[in-house]
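Novice: So that we are looking at the same thing, I have put the structure below in structure tokens.
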2 protein chains.
Amino acid sequence: MNNYQNILLAVDFSEFDHLVASKAKSMAELFSAQLHIIHVLDNIPMPDTPYGTVIPLNENSSYDLLETEKKNLIQIGNELNIVLERCWMVWGETEQEITRLAVKEDIDLIVVGSHGRHGLAVLMGSTAKGVIYHAECDVLAVHLKNHV
Amino acid sequence: MNNYQNILLAVDFSEFDHLVASKAKSMAELFSAQLHIIHVLDNIPMPDTPYGTVIPLNENSSYDLLETEKKNLIQIGNELNIVLERCWMVWGETEQEITRLAVKEDIDLIVVGSHGRHGLAVLMGSTAKGVIYHAECDVLAVHLKNHV
């Protein structure tokens, strides 16, 4: 098969990120692929910001909630040695923004947890399933064992 | 991360099997994992057979349709150098039998096409999504490009 060249890790700042990140990192190392990371802002208000807007990480805003989210993302990026240019924060609907960025950045593998931070059985796997539905590349759904 | 040790490839005898199989084989090689293969019989009648029944591959029956399915599976298994003991044919509901076998055989990665043989946009990804919903391990959904 063609090796994966660009891998996109989707994080949601939940307690499970480290597990999904560790799988994505291993895959990137095995395939000598470039690792990208995305966090979609869907849980803080962003008035007057259209869906799909990429939030610059190298500019400060006066919006505390946003600054906290940026710091979280940059910290995970640092831990994974991902340069800022491959750390993405986007405002919008999670599944759609992940898959939209994947197309834009020629991603060939998306790595995502098999349930989001919701932690409810009824929603388990909803993000992963949504990403698979929309994605135009392979998707590795990392099972978050016994963490429903 | 813990390396994958047992990988289960799910095939449906569609024209896309070779693509999904090639990804599963590469992953098995990269991780030095054992590769298993499963085909779930959900499209031929099997009267008096309860769901979940494993069909023996080393016994002949007088049921032509079943023999054809067996030959197909054994052929793919041979091409991938999978011994007969790791080739599985099960009668039942696809998603449930894949995930049930995965638990039974200590599978840690299921590799499945991101849509089944149906080829209809509305069903695209249904098997992959169902497997993710039920699975107790990671799932690699292989995108079947431009084949809707």
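The values are calculated or read from the model by the stated rules, or taken from the named source; none is laboratory data. It should be emphasised that the depicted structure is a prediction, and the values quoted were computed from it without experimental measurement. Using ideal geometry, Cβ is built from the backbone for each residue, glycine included, and neighbour counts are taken over all protein chains shown. Just so you know, the surface numbers come from the protein's heavy atoms only, side chains and all, with ligands and any DNA or RNA stripped out. Shrake-Rupley method; radii C 1.70, N 1.55, O 1.52, S 1.80 Å.
Novice: What order, most packed first, do the peptides B:95-107, B:46-58 have when packing is the mean number of other Cβ atoms within 10 Å of each residue?
Specialist: B:95-107, B:46-58
Novice: Let me ask something additional. Amide H of B:Trp88 versus every other amide H placed in the peptide plane: which residues, excluding those fewer than 5 positions away on the same chain, fall under 5 Å?
Specialist: Under 5 Å from the amide H of B:Trp88 lie the amide H atoms of B:Ile37, B:Ile38, B:His39, each far enough along the sequence or on another chain.
Novice: Just the accessible area for A:Phe13, please: 1.4 Å probe, Å², rounded to the nearest 10?
Specialist: 50 Å²
Novice: In peptide B:104-110, what is the residue-averaged number of other protein chain Cβ atoms found within 10 Å of each Cβ? Walk me through the intermediate numbers first.
Specialist: Working: counts 0, 0, 0, 0, 1, 3, 2.
Mean number of neighbouring Cβ atoms from other chains: 1.
Novice: Now, a different point. Please give the per residue volume of the convex hull enclosing the alpha carbon atoms of segment B:6-147, rounded to a whole number of Å³. List each step's numbers first, then the result.
Specialist: Details: hull volume 14.8 nm³, N = 142.
Spread over its residues, the Cα hull of segment B:6-147 gives 104 Å³ apiece.
Novice: Also, quick follow-up: Say we join alpha carbon atoms closer than 10 Å with springs in a Gaussian network model of chain A; which of A:Ile44, A:Ile82, A:Ile110 then has the biggest fluctuation?
Specialist: A:Ile44
Novice: Can you list the HN-Hα couplings for segment A:71-87, worked out from phi with the Karplus curve (6.51, -1.76, 1.60; θ = phi - 60°), rounded to whole Hz and with x for Gly and Pro?
Specialist: 3J(HN,Hα) across segment A:71-87, in whole Hz: 4, 4, 5, 4, 5, 5, x, 4, 4, 9, 6, 9, 5, 4, 5, 10, 9.
Novice: Using a 1.4 angstrom probe on the protein heavy atoms only, could you order B:His134, A:His36 from most to least accessible area? Mind showing how you got there, number by number?
Specialist: Numbers: B:His134 80, A:His36 5 Å².
So, going from the largest accessible area down, we get B:His134, A:His36.
Novice: Let me ask something additional. If you take each beta carbon of peptide A:23-32 and count the beta carbons of other chains within 10 angstrom, what is the mean? Don't skip to the end; give the middle numbers.
Specialist: Numbers: counts 4, 1, 1, 6, 4, 0, 0, 5, 2, 0.
Mean shielding count: 2.
Novice: Something else about it: Relative to the other copies, what are the label-point distances for A:Asp106, with labels 7 Å from Cα along the C-beta vector, expressed in nm at one decimal and sorted shortest first?
Specialist: 4.1
Novice: Leaving ligands, DNA and RNA out of it, report the carbon-plus-sulfur percent of the accessible area of chain A at a 1.4 Å probe.
Specialist: Working: 3370 of 7060 Å².
Ligands and nucleic acids excluded, carbon and sulfur reach 48 percent.
Novice: Sticking with this one: Suppose we keep just the alpha-carbon trace of segment B:57-101; what are its Rg and Dmax in angstrom?
Specialist: Looking at segment B:57-101, its Cα Rg and Dmax stand at 11.2, 29 Å.
Novice: Given the options B:Leu84, B:Leu73, B:Leu109, which has the most mean-square fluctuation in a GNM of chain B, springs set between C-alpha atoms less than 10 angstrom apart?
Specialist: Greatest mean-square fluctuation among the candidates belongs to B:Leu84.
Novice: Further, regarding this structure: How far is A:Asp48 from the same spot in each other copy, in nm, shortest first, if each label point sits 7 Å from Cα toward Cβ?
Specialist: Values, ascending and in nm: 7.6.
Novice: Set the bar at 22 Å for Cα to Cα. Now go through A:Lys23/A:Lys129; B:Lys25/B:Lys70; A:Lys129/B:Lys25; B:Lys25/B:Lys71 and name every pair that lies beyond it.
Specialist: Distance filter (> 22 Å) returns A:Lys129/B:Lys25.
Novice: What is chain A's relative contact order, in percent, from Cα pairs under 8 angstrom and six or more apart in sequence? Can you show the working numbers first?
Specialist: Values: 257 pairs, mean separation 42.4, N = 148.
Rounded, it is 29 percent for chain A.
Novice: Continuing with the same structure: Let me understand the protein assembly as shown better: what is its radius of gyration from the alpha carbons, and its Dmax, in angstrom?
Specialist: 20.3, 76
Novice: How much net charge surrounds A:Gly77 when only other residues with a Cβ under 11 Å from its Cβ are counted (Lys, Arg +1; Asp, Glu -1)? Can you show the working numbers first?
Specialist: Numbers: positive: A:Lys70, A:Lys71, A:Arg86; negative: A:Glu79, A:Glu85.
Taking every Cβ under 11 Å from that of A:Gly77, the sum is +1.
Novice: Which whole number gives the average, over all residues in B:131-138, of C-beta atoms from other chains lying within 10 Å of the residue C-beta? Before the final figure, lay out the partial values.
Specialist: Working: counts 3, 13, 8, 1, 4, 4, 5, 10.
Partner-chain Cβ atoms within 10 Å, mean over residues of B:131-138: 6.
Novice: From the phi angles alone, apply the Karplus equation (6.51, -1.76, 1.60; θ = phi - 60°) to segment B:11-27 and give each ³J(HN,Hα) in whole Hz, x where the residue is Gly or Pro.
Specialist: Once θ is set to phi - 60°, the couplings for segment B:11-27 become 10, 10, 6, 8, 5, 8, 3, 4, 5, 5, 5, 5, 5, 4, 5, 4, 4 Hz.
Novice: Which whole-Hz couplings ³J(HN,Hα) result when phi for each residue of segment A:29-39 is put into the Karplus expression 6.51 cos²θ - 1.76 cosθ + 1.60, θ = phi - 60°, listed in order with x for Gly and Pro?
Specialist: 5, 4, 9, 6, 9, 7, 9, 10, 9, 10, 10
Novice: Now for a different question. If each DSSP helix of 4+ residues adds -39,500 (n - 2.57) and the sum is divided by the residues in chain A, what number results at 222 nm, nearest 500 deg cm²/dmol?
Specialist: On the way: 4 runs with 51 residues, N = 148.
Roughly -11000 deg cm²/dmol at 222 nm, from the helical runs in chain A.
Novice: Oh, and also: Checking the a/c ratio against 1.5 first, then a/b against b/c, what shape does the Cα gyration tensor give for segment A:33-83? Let's see the in-between values first.
Specialist: Working: a/c = 2.27, a/b = 1.63, b/c = 1.39.
Here segment A:33-83 falls in the prolate category.
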